[in-house]
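The values are calculated or read from the model by the stated rules, or taken from the named source; none is laboratory data. Since the structure is predicted, the reported quantities are computational estimates derived from the model, not experimental observations. In this analysis, Cβ positions are derived from the backbone assuming ideal geometry, glycine residues included, and neighbour counts consider all displayed protein chains. When the accessible area is computed, the model is the full protein with side chains, heavy atoms only, and any ligands, DNA or RNA have been set aside. Shrake-Rupley method; radii C 1.70, N 1.55, O 1.52, S 1.80 Å.
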Amino acid sequence: MLGLAAVGTPAVASGPAVDVIVRTASPDALARAEAFVRRSGGTVERELSVISGFAARVPSGAVPELERTPGVAEVTADGTVRMKGKKWIDDGGVNASVGSVKKAAGGKKANTAALTGAGIGVALIDSGVAPVPGLMQAGKVVNGPDLSFESQTPGLVNVDSYGHGTHMAGIIAGNDPASGFEGLAPGAKLISLKVAAADGAADVSQVIAAIDWVVTHRNDPGLNIRVLNLSFGADSTQSAVLDPLSYAVEAAWRKGIVVVVAVGNDGPTSTRVTMPAANPYVIAVGAADANGTEIRTDDTVASFSTRGSVARHADLVATGRSIVSLRVPGSYIDTEYPAARVSETTFRGSGTSQATAVVSGSVALLLQQRPGLTPDQVKKLLVASADPLAGADPIAAGAGQLDIAEAATLTAPLNARQTFLPATGLGTLEGSRGSSYVVDSVTGRALTGERDIFGAPWRPLVWTALARDGRAWTGGTWNGNVWSGSAYNGTSWASVTWNTATWTSLNWAGRRWTGTDWTGRAWTGRAWTGRAWTAGTWLGRAWTGRAWT
């Protein structure tokens, strides 16, 4: 192997330019890799310190040699660069602190200052939670299994290399006495399940597995999971009655978990909320724009919030524009959008994602006050107490804007039981994916059809019965394969190496997904990465939508 130390100035490599993410093992290796990229005629686009790497554009002919550069751990196809401008925007919004959002949502009829969410577990299925100030107190964050494509990469297990999950976690339950930052429910416990990697890539089967894990482990000692935050959605092609993702959240709801979901960020012309917000049982959240003030008389529905239809729209809205929350230095969003940095520890973002986190934290307060409330009662209290938005589109605004203090004063309704047509979950995984696919970047083959990320066949009749009863997980096994470890050390569940048999059907170009193939070029090195997420998918419209500011 020819190292960089042995070369002078190599000739410019040939081939079309490709976008890559490079992860290295040390600062010296990082410098060598960056030097090679420049010598080969490429450009270093941005540093990614959280993974000791960088994003670059290089001639395709240089990629093999870049992979062989000493100290380079992996070179990943980066589709996220081609999506620049679609994930979030800097529209000049006035920063809104979580404290001001909480104050505005507190109304005038009750004092909720004594409520912190203590004793309530809030599950967050997202891109992980980073150990940053505000989330480092003992017992604050419990890591469930890492189900993301980064779970097989040393040093990235449970790490939020993207930055989205930490921002949500801060809004929900952050608590940093040193800086004074507090989330809506600073006393609540966060249970983090990482499903998205640094480029946002995740298959719907991973998300369903994560929801099932939450249901199975909701009553584990010390967890008391009563709230599930889903700040994303998919453009499913099937109804909420059939969709398996819809069935998964409904199963959680029926087991006593209040599921809070973003409606999407497709704006006032979109007539369909994303899945699983389309499920009528869960709390579907749209975003309000405070227009730079703490008073509510000038609040409007945010321009990016999905309108929905008469049949299904946001149940209510919450502040979702320019929310200042916790920052992950060196994460994807931090390096790609430096203008959104507010301080050394905070970052601002907009979207129904943020509004959903506001509602989840508020639900934790309500459940601390009255632990016996059912999910149906919680939803009815929030809808009944919401403040109408003057002049707003009644479909987009739902019942109005969150007023948690008003909800805290209302008597628990006795007739809150919802009677919508139950979901069956007998639809397809393919339909649930909508336009969102992960792709093998070597062969260009997408993960399609009725199989999960391990290639295991999807059997709706078997899965629905297990999910309904909260038995979809057995130890670390889900859908017939080992996805995680089953041991718990007090802060995290054990990770495992994913060694499986060959893929089914076309066998994914004949490669076995074991050993170094799984953890090297096939899994985290050159496959299942950003190439797939390029056209209004989880990263573009579901994880962060249009608005990070």
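Each row is one residue, and each column tells you yes or no for (1) closer than 22 Å to Pro145 by Cβ; (2) among the hydrophobic types (A, V, I, L, M, F, W, C).
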position: Glu430; (1), (2): no, no
position: Arg451; (1), (2): yes, no
position: Ala467; (1), (2): yes, yes
position: Asn481; (1), (2): yes, no
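Within the set Ile89, Ile125, the sole residue that is surrounded by fewer than 20 Cβ atoms within 10 Å (Cβ to Cβ) and either in contact with a Lys or Arg (Cβ under 8 Å, 6 or more places away or on another chain) or modelled with pLDDT of 90 or more (or both) turns out to be Ile89. In region 310-320, the residue that is surrounded by the most Cβ atoms within 10 Å (Cβ to Cβ) out of those that are over 18 Å from the mean Cα position of the chain (by Cα) and assigned to a loop (DSSP other than H, G, I, E, B) is Ala314. Residues in region 226-252 that are aromatic (Phe, Trp, Tyr) and open to solvent by 10 Å² or more (accessible area, probe 1.4 Å): Tyr247 only. Total residues in region 170-197 satisfying the condition of being more than 11 Å from Leu124 (Cβ to Cβ), within 19 Å of the chain's Cα centre (by Cα) and not small (Gly, Ala, Ser): the figure is 1. Checking each residue in region 328-352 for being β-branched (Val, Ile, Thr) and within 28 Å of Ser270 (Cα to Cα) picks out Ile333, Thr352.
Of everything in region 199-225 that's part of a loop (DSSP other than H, G, I, E, B) and either on the phi > 0 side of the Ramachandran plot or buried (at least 24 other Cβ atoms within 10 Å of the Cβ) (or both), which residue is modelled with the lowest pLDDT? Out of the qualifying residues, it is Asp199. Looking only at region 156-190, residues that are polar (S, T, N, Q) and open to solvent by less than 10 Å² (accessible area, probe 1.4 Å) come to 2 in all.
Highlighted here are the helices (runs of 4 or more DSSP H) found entirely within region 353-410 that include at least 3 residues which are closer than 25 Å to Thr271 by Cα and either open to solvent by less than 30 Å² (accessible area, probe 1.4 Å) or not aromatic (Phe, Trp, Tyr) (or both): 375-385, 394-397. Working only within region 469-494, note down all residues that are buried (at least 18 other Cβ atoms within 10 Å of the Cβ) and not in a strand (DSSP E or B). Across region 469-494, the qualifying residues are Gly470, Ala472, Gly476, Asn479, Trp483, Ser484. Flag not set for Ala290, criterion: more than 29 Å from Ala197 (Cα to Cα), of a type in the set (A, V, I, L, M, F, W, C) and either in contact with a Phe, Trp or Tyr (Cβ under 6 Å, 6 or more places away or on another chain) or without any contact (Cβ under 8 Å) to a residue 40 or more places away in the chain (or both).
Within region 47-64, the residues that satisfy the criterion of being within 19 Å of Ser331 (Cβ to Cβ) and crowded, with 17+ Cβ neighbours inside 10 Å are Leu48, Val50, Ile51, Ser52, Gly53, Phe54, Ala55, Ala56. Within the group Ala210, Ala202, which residue is in contact with a strand residue (DSSP E or B) (Cβ under 6 Å, 6 or more places away or on another chain) and closer than 29 Å to Lys140 by Cα? Just one listed residue meets the conditions, Ala210.
Residues in region 28-46 that are modelled with pLDDT of 85 or more and more than 20 Å from Pro16 (Cβ to Cβ) were compared, and the one that is most open to solvent (accessible area, probe 1.4 Å) is Asp28. Of the residues Thr544, Thr477, Thr516, only one is modelled with pLDDT of 85 or more and not aromatic (Phe, Trp, Tyr); which? After applying the criteria, what remains is Thr477. The number of residues in region 453-465 being open to solvent by 50 Å² or more (accessible area, probe 1.4 Å) and either out of contact with any Lys or Arg (no Cβ under 7 Å at 6 or more places or on another chain) or under 17 Å from Phe149 (Cβ atoms) (or both) comes to 3.
Restricted to region 254-271, and to residues that are modelled with pLDDT of 95 or more and open to solvent by 10 Å² or more (accessible area, probe 1.4 Å), which residue is nearest to Ile120 (Cα to Cα)? Among those that are modelled with pLDDT of 95 or more and open to solvent by 10 Å² or more (accessible area, probe 1.4 Å), it is Gly256.
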